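Down below is the structure, laid out as structure tokens.
The values are calculated or read from the model by the stated rules, or taken from the named source; none is laboratory data. These figures come from a predicted structure and were not determined experimentally. Because the Cβ atoms are built from the backbone with ideal geometry, glycine has one as well, and the counts that use them run over all protein chains shown. Side chains are part of the model used for accessible areas, which takes the heavy atoms of the whole protein and leaves out ligands, DNA and RNA. Shrake-Rupley method; radii C 1.70, N 1.55, O 1.52, S 1.80 Å.
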Amino acid sequence: MRTRTQGMAIVQTLFLILLLMSVFTIMTRLTLMNLQQTGDSIQMTRTLALAQGGRNFAQTVLQGPVGAKLGDSIIYMAQNNMIGNAETWVFAAGYTTPRPPANVVAQGLTALAADVQPRLPGAGCYGPYTVSGSQQISLRITFTGTLPACDGQASSTVSIGRGRFISGARSSTQQYSLPYVMVVAASERGAKRTLTVNGEYRFNVGNGSFARYALLTDQHQQGTSASIYFTSRTLFNGPVHTNGNFAFRDTPWFGGAVSSSGVNDRGTPGGFFSTSTSTTPAFRTPTQLNPPSYGTTVPVFNNGVSWSAPTVPFPNNSNNQAAAAQQAGLYIPAGPSAVQLSVGLWPAGTPLANQKYQAITVGSTQYRAVADGPLYQLVNGTWQVALNASNQPINRFNGVIYAFGGISSLRGPARTTASNPNSSGPALASFSQITIAGNDDIRITGDLKYENNPCDGALTRNSDGSINVPDCSDDPLVQKNVLGIYASNGGDIKIGAGNTSSALNVPPDVQIHATMMADNEVNVENSTSASCSYGTAYILGGVIERKYGAFGQFNTSTGACTSGLGRSFTYDQRMLNGLAPPFFPTTTMTNLLVDRQVIQYGQSEQDRR
């Protein structure tokens, strides 16, 4: 009996152990499931936060890279008479009503959307961008209602509104709205979350600034035959235009839109093409330039070429710049003058202690300007607010410096090591926006550098023929410093070289951060006799000139310099987004202006597994 009782106790104990093990197993599984669900929940929360951050990042993409492409489209449509100029309703040309008809505007903005969409990478695909570790975000953007196929998603159609006119007037700035749909995708390991955002892109259009051009000439050749060639040494990564005709040889490279009118030079649309086997260049008409090549000469047009574009008239004078300088700028009544720009900090113990200033020295007279503030002048050892031409205080400096009679020497700080371009300080403060103008020649005699350089290098060609395109900021709201130089009344902008006085010559490999415009030429002094030791003029900005000026001479067989300077152009991409020096001359052609808003409305979320 005792044995039977002991056996029953053992069975009960084993049963209890099994029961407890089963309960433990179930609890363990439930715990693991809860942990997994908690982990999934954390990941989903993290990806949602990541997507929300991507939505904010998309604002920058729309303002910058997308804005640049929108500017390209507006210029293209203006050049091809698809929209009106700024003296009419831009997207309702020909109408004189107090407001442009809504249906006509909607049609015009639909055409704009259709033009800009294929200009975007992948027709609207940005990313994926790695945020941290396994976290990534990507964007799909559409102005047409068709989301592109990217980020593992097929192309799809979404509902999108109509474009509309917001405000403005004929012969003035006009604001329009272009609707868009954007999908922000965020992922971390296996978790994915998307946000679909609806919004509108509000942009202003008006008379465009000449500063938007990397190169613009009124007359490119020295007669009706070819004399100035774009060759394999030619590299431009911004808009290039002439009212005459270009001449090409070998493989020049153009990253921006290229256009010519053919009104000057030959007097008919087309271009000159020379090959390695021909001694006489051939003039080719637009119908003969499809594709745009001839023999061994194959120019690279990454953003298209137009052979019959409208002319871009040059301004007649610099009266607007002179008036602006007399009102709230710096007017120099008698020239030629010497002007030096530099950057500094107000010393301790002064009312503006440690505040950055833009220094301007004219001859022996010293001026200082602060961000969004007065222009100060040093008078008898004391800094006081400078007076304008009407003897009124300049409480807010407008950035215009005008020299009646031109400028004999314009430069920034001197180099500490003559051969090292990096040894000179900045000429323009990070906040400064300055236009230097005159009604005669302006001579550059030293480096003119931005404190905040928007580019990380220069545009170059590798030995294998590939192109190194520098990484340049295109957001004018991030890096604001900008310099314009304008010589009117038949004046030249001269890069000093070969002069008897060394003070009138630039140092080797001079650095010029500016958009330059000359009513005659931008050139190198004594280009046929100056030593090749001056190296290369590195220009960050653009060159606008009535005639294409000479920089130097080269051996046609070897490409080696025989006199003067080489030229290296790197376009300031911020100009495509509407940035321009203050009171810089404007064209009559419609252009995208810098003021714009990206409005975001509702959003919908989707969990992707």
> Expressed as a whole number of Å, what is the distance separating the alpha-carbon centroids of the range 465-524 and the range 107-139?
Replying inline: 34
> By DSSP, what percent of the beta bridges with both residues in the chain are antiparallel, rounded to the nearest 5?
Replying inline: 55
> When the helices in the chain are scored as -39500 (n - 2.57) per DSSP H run of 4 or longer and the sum is shared across all residues, what 222 nm value do you end up with, to the nearest 500 deg cm²/dmol?
Replying inline: -5500 deg cm²/dmol
>> Can you list residues from other chains, or at least 5 along the same chain, whose modelled amide H is less than 5 Å from the amide H of Ala403?
In response: Ile332, Ala437, Gly438, Asn439
>> Using the Karplus curve 6.51 cos²θ - 1.76 cosθ + 1.60 with θ = phi - 60°, what ³J(HN,Hα) values do you get for each residue of the range 137-146, in whole Hz, with x for Gly and Pro?
In response: 10, 9, 10, 10, 10, 9, 9, 9, x, 10
>> Need the list of lysines near Lys356 for cross-linking: C-alpha distance under 23 angstrom, and skip anything on the same chain fewer than eight residues off.
In response: Lys449, Lys480
> Taking the DSSP beta bridges in the range 430-527 as the whole, what percent of them are antiparallel, to the nearest 5?
Replying inline: 15
> Check Ile544: other-chain or 5+ apart residues with amide H under 5 Å from its amide H, H built from backbone geometry?
Replying inline: Leu216, Met516, Met517, Ala518
> Which of (1) 1.02; (2) 1.13; (3) 1.62 is the computed Rg/Rh (Cα atoms, Kirkwood Rh) for the structure on display?
Replying inline: (2)
> For Lys547, which aspartates and glutamates qualify as cross-link partners when the Cα separation must be under 12 Å and same-chain residues fewer than eight apart are set aside?
Replying inline: Asp218, Asp265, Asp492, Asp519, Glu521
> Which ³J(HN,Hα) values in Hz, rounded to whole numbers, follow from the phi angles of the range 503-510 under the Karplus curve 6.51 cos²θ - 1.76 cosθ + 1.60, where θ = phi - 60° and Gly and Pro get x?
Replying inline: 5, 9, 10, 6, x, x, 6, 4
> Under a 5 Å amide H to amide H cut-off, with H placed in plane at 1.01 Å, what residues pair with Thr536 once short-range neighbours are removed?
Replying inline: Asp509, Val510, Gly566
> Distance in nm between label sites at Arg189 and Gln107, each 7 Å beyond Cα in the beta-carbon direction?
Replying inline: 5.6
>> Just the number please: accessible area per residue for the range 377-428, 1.4 Å probe, all protein chains included, in Å².
In response: 50
> Mind listing the phi-derived Karplus ³J(HN,Hα) values for the range 88-94, rounded to whole Hz, using 6.51, -1.76 and 1.60 with θ = phi - 60°, and x for any glycine or proline?
Replying inline: 10, 6, 4, 9, 7, 4, x
> With Cβ to Cβ distances under 9 Å as the rule, what net charge do the other residues near Asn577 carry (K, R +1; D, E -1)?
Replying inline: 0
>> If I take R0 = 45 Å and measure r between the Cβ atoms of Asn319 and Leu48 in this structure, what FRET efficiency does the formula 1/(1 + (r/R0)^6) give, to the nearest 0.05?
In response: 0.20
> Rounded to a whole number, what % of the accessible area of the range 183-329 do carbon and sulfur atoms account for, probe 1.4 Å?
Replying inline: 44
> Among all helices in the chain defined by DSSP H, which have a length of 20 Å or more along the axis from Cα atoms plus a Kyte-Doolittle mean of at least -0.5?
Replying inline: 2-61, 102-116
